[in-house]
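Novice: Can you read through this structure? Questions will come right after.
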Amino acid sequence: MNYTTQMDAARKGIVTKEMQMVAEKEGMKVEDLIKLVARGKVAIPANKNHKNLEAEGVGKGLRTKINVNLGISKDCNDIEKELEKVNLAIDMKAEAIMDLSCFGKTQEFRQRLVGMYPGMIGTVPMYDAVGFYDKELKDLTAEDLLNVIETHAKDGVDFMTIHAGINRETAEVFKRNPRLTNLVSRGGTLMFAWMQLNGKENPFYEHFDKVLDICEKYDVTISLGDACRPGSIADSTDPSQIKELMILGELTKRAWERNVQVIIEGPGHMALNEIEANMLLEKKLCYDAPFYVLGPIVTDIAPGYDHITSAIGGAIAASNGADFLCYVTPAEHLRLPDLDDVKEGIIATKIAAHAADIAKGIKGARKWDNEMSEARRNLDWNKMIELAIDSEKAKKYRENSRPEDEKTCTMCGKMCAVRNMNKVMSGKNLNVLRDDD
């Protein structure tokens, strides 16, 4: 039997190689996975032209996935440096990369990325449009914007952020409800500005069926962008954000009618006490489609540490239903991240995702923690370092401060609770001030 997309295959009862791969990774029955894909509760982004893809699933009942943002810009236009970040993301087993390139040889970088990265690859075509055509924003046509989407699809991109929810109706809600930080989505502000400058409807919304034609042809998953995501905790859960979310729910149903897979993008900056409700709203308004969140960043006062503010929010969001976390690095709000920033962002986000998987009861999530606890009980330092999420850092810390008793560490020495309990429970003598007999 023939099929057009992963969703189309699932609805026809066809098990694709991508479904088989995801089921094996998740430790679930493929017949259970196929039902979730057919109903849109799980997406498997898998462009037909991404030949080296090792597919991942995003959605209900699966491990929380993480995404790494990178790409060239006018101020930092070094393709080779960005490809170093790609290699780091591969080494650290990040499940997705979003290429946010907006200047220079964007297609060359994108094509090299597709050729070397086996995980999911996403882009934001709106970022690329101005440079792609060398036109000012106002002069771009609807046809121009649709052609950029098709170019990215041909190049093998698995999912694309499409800012279709910021239509004229949403824009009017935004203008009637002033915000502290206005709109902070780069693609969202470009689309809002285009609409204001041209006095026209958002082409991605007006011509959404044409967007679906492209996505169906190449099996591109639409990641419905949140142009109205809050850029400060003062602006979260406001009329603009909720209005756009309602539009995204309508567009989700239209995409599913065409067998096009959907991921919903979400906040943004948000106080801790609002996160759970926002996860519930998205799942209700968007029919349980997979939810992809940036953070949420839970306080606005920590530039240089936003990988931490984001990880706090991400853990809460994912434990309450978010399926996909976009990493935030220490460089957020300050500059393009360097290699060290990328590593810190990946680690922080992986911690948040894993913590959430434990809370969600994802199959096998606790196994890693239990193995670490056993190594700690046995004072097996080599095993602890091996199991650490960042073994390099754990080893460096251990070696920088060696204890008198190699079974302990320099925090407690011979007062180590684990050492002493092991001795006492096994009936051995216990000396703290002098060598053991």
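Novice: Suppose the chain between Glu276 and Val173 were pulled fully straight at 0.36 nm per residue; how much longer would it get relative to their current alpha carbon spacing?
Specialist: The Glu276-Val173 span can extend by a further 34.7 nm.
Novice: Would you please state the base-10 log of I(q)/I(0) at q = 0.15 1/Å for the range 189-319, with intensities from the Debye formula using one equal scatterer on every alpha carbon?
Specialist: -0.76
Novice: With each label point set 7 Å from Cα along the Cα-Cβ vector, what nm distance links Met425 and Ala193?
Specialist: Between Met425 and Ala193, the label points sit 6.2 nm apart.
Novice: If a cysteine in the chain has no other Cys Cβ under 4.7 Å from its own Cβ, put it on the list, ordered by number.
Specialist: Cysteines of the chain left without a disulfide-compatible partner: Cys76, Cys102, Cys215, Cys228, Cys286, Cys326, Cys409.
Novice: Follow-up question, since we're still on this one. Using the Karplus curve 6.51 cos²θ - 1.76 cosθ + 1.60 with θ = phi - 60°, what ³J(HN,Hα) values do you get for each residue of the range 390-399, in whole Hz, with x for Gly and Pro?
Specialist: The phi angles translate into 10, 4, 4, 5, 4, 5, 4, 4, 4, 6 Hz.
Novice: Working with all protein chains in place, sort Thr237, Thr221 by solvent-accessible area computed with a 1.4 Å probe, largest first.
Specialist: Result of the area sort, largest leading: Thr237, Thr221.
Novice: Oh, and also: For Asp32 and Glu374, calculate 0.36 nm times their separation in residues minus their Cα-Cα distance, and state this gained length in nm to one decimal.
Specialist: This chain segment gains 119.8 nm when fully extended.
Novice: Where does the range 301-437 land on Rg/Rh, using Cα atoms and the Kirkwood Rh?
Specialist: With Rg and the Kirkwood Rh in hand, the quotient comes to 1.09.
Novice: Compute the Kirkwood hydrodynamic radius of the range 244-333, taking the inverse of the mean of 1/r over all pairs of distinct Cα atoms, and give it in Å to one decimal. Write down the numbers at each step before the final one.
Specialist: Working: mean 1/r = 0.0749 Å⁻¹.
Kirkwood radius, the range 244-333: 13.3 Å.
Novice: Would you pull out the residues with amide H under 5 Å of Gly266's amide H, same chain only if 5 or more places away, H placed 1.01 Å from N?
Specialist: Answer set, sorted by chain and number: Tyr292, Val293, Leu294.
Novice: Can you give me the angle between helix 306-319 and the longest principal axis of the chain, using Cα atoms only, in degrees from 0 to 90, rounded to the nearest 10?
Specialist: Approximately 80 degrees, to the nearest 10.
Novice: Karplus couplings for the range 366-376 from phi (6.51 cos²θ - 1.76 cosθ + 1.60, θ = phi - 60°), rounded to Hz, Gly and Pro as x?
Specialist: 7, 4, 4, 5, 5, 5, 5, 5, 5, 4, 5
Novice: Report the extension gain between Glu201 and Asn182 in nm, rounded to one decimal, defined as 0.36 nm multiplied by the number of residues separating them, less their alpha carbon distance.
Specialist: Gain in length upon complete extension: 4.9 nm.
Novice: Do you know the relative contact order of the chain, to the nearest whole percent, from alpha carbon pairs under 8 angstrom that are 6+ apart?
Specialist: Here the relative contact order equals 14 percent.
Novice: Then there is this: Output the direction-averaged projected area (hull surface divided by four) of the convex hull of the alpha-carbon atoms of the range 289-359, in nm².
Specialist: On the way: hull surface 17.5 nm².
So the mean shadow area of the Cα hull is 4.4 nm².
Novice: Angle between the Cα long axis of helix 79-91 and the longest principal axis of the chain, 0 to 90 degrees, nearest 10?
Specialist: 50
Novice: Using only DSSP helix segments of four residues or longer, with each worth -39500 (n - 2.57), what per-residue ellipticity at 222 nm results for the chain after dividing by its residue count and rounding to 500?
Specialist: Computed mean residue ellipticity for the chain: -15000 deg cm²/dmol.
Novice: Taking only Cα atoms, what is the 0 to 90° angle, nearest 10, from helix 17-26's long axis to the longest principal axis of the chain?
Specialist: Roughly 30 degrees, rounded to the nearest 10.
Novice: Work out, in µm²/s and without decimals, the Stokes-Einstein translational diffusion coefficient of the range 164-228 at 20 °C, 1.002 mPa s, Rh from Kirkwood over C-alpha pairs.
Specialist: Details: Rh = 12.7 Å.
Using the Kirkwood radius from Cα pairs, D works out to 169 µm²/s.
Novice: Cα to Cα, under 12 Å, and not fewer than 8 places away if on the same chain: which aspartates and glutamates meet these conditions relative to Lys35?
Specialist: Output for Lys35: Asp8.
Novice: For the residue pair Lys12 and Asp300, what label-to-label distance in nm results when each label sits 7 Å from Cα along the Cα-to-beta-carbon direction?
Specialist: Taking the two extended label points, one gets 5.1 nm.
Novice: Suppose we look only past 16 Å in the calculated P(r) of the range 214-286. What percent of the Cα-Cα pairs does that tail hold?
Specialist: 49
Novice: Just the ratio, please: alpha-carbon radius of gyration of the range 31-70 over 2.2 N^0.38 Å, N its number of residues.
Specialist: It is 1.28.
Novice: What per residue convex hull volume, in Å³, comes out for the range 394-437 when only alpha-carbon positions are used?
Specialist: In the range 394-437, the Cα hull volume divided by residue count equals 74 Å³.
Novice: For Leu433 and Glu54, what is the calculated FRET efficiency with R₀ set at 41 Å and r taken between the beta-carbons, to the nearest 0.05?
Specialist: 0.15
Novice: Then there's this: Can you list residues whose amide H is under 5 Å from Ile66's amide H, if they're 5+ apart or on another chain and H is modeled 1.01 Å from N?
Specialist: Excluding prolines and chain starts, which carry no amide H, the hits are Glu95, Ala96, Leu325.
Novice: Moving to a separate point now. In whole Å, what is the distance between the alpha-carbon centres of the range 78-138 and the range 187-212?
Specialist: Centre-to-centre distance over Cα atoms comes out at 23 Å.
Novice: For Met92, put the label point 7 Å out on the Cα→Cβ axis and report which residues of the range 356-389 keep their amide N under 13 Å from it.
Specialist: 389
Novice: Same structure again: Mind grabbing the base-10 log of I(q)/I(0) for the chain at q = 0.06, 0.07, 0.13, 0.14 Å⁻¹? Debye formula, identical points on the C-alpha positions, no solvent, two decimal places.
Specialist: -0.28, -0.37, -1.12, -1.29
Novice: Could you pull out the pairs from Lys154/Lys350; Lys85/Lys396; Lys48/Lys93; Lys17/Lys85; Lys217/Lys363; Lys360/Lys414 whose alpha carbons sit more than 27 Å apart here? Please list the in-between numbers first.
Specialist: Working: Lys154/Lys350 31 Å; Lys85/Lys396 22 Å; Lys48/Lys93 22 Å; Lys17/Lys85 29 Å; Lys217/Lys363 34 Å; Lys360/Lys414 38 Å.
Result: Lys154/Lys350; Lys17/Lys85; Lys217/Lys363; Lys360/Lys414 exceed 27 Å.
Novice: Points 7 angstrom from Cα along the Cβ direction at Glu257 and Arg112: gap in nanometres?
Specialist: 4.3
The values are calculated or read from the model by the stated rules, or taken from the named source; none is laboratory data. This structure is a prediction, so every number in the text was calculated from the model and none was measured. Note that each Cβ is placed from the backbone with ideal geometry, even for glycine, and that neighbours are counted across all protein chains shown. Remember, those area values only see protein heavy atoms, side chains included, never the ligands or the DNA or RNA. Shrake-Rupley method; radii C 1.70, N 1.55, O 1.52, S 1.80 Å.
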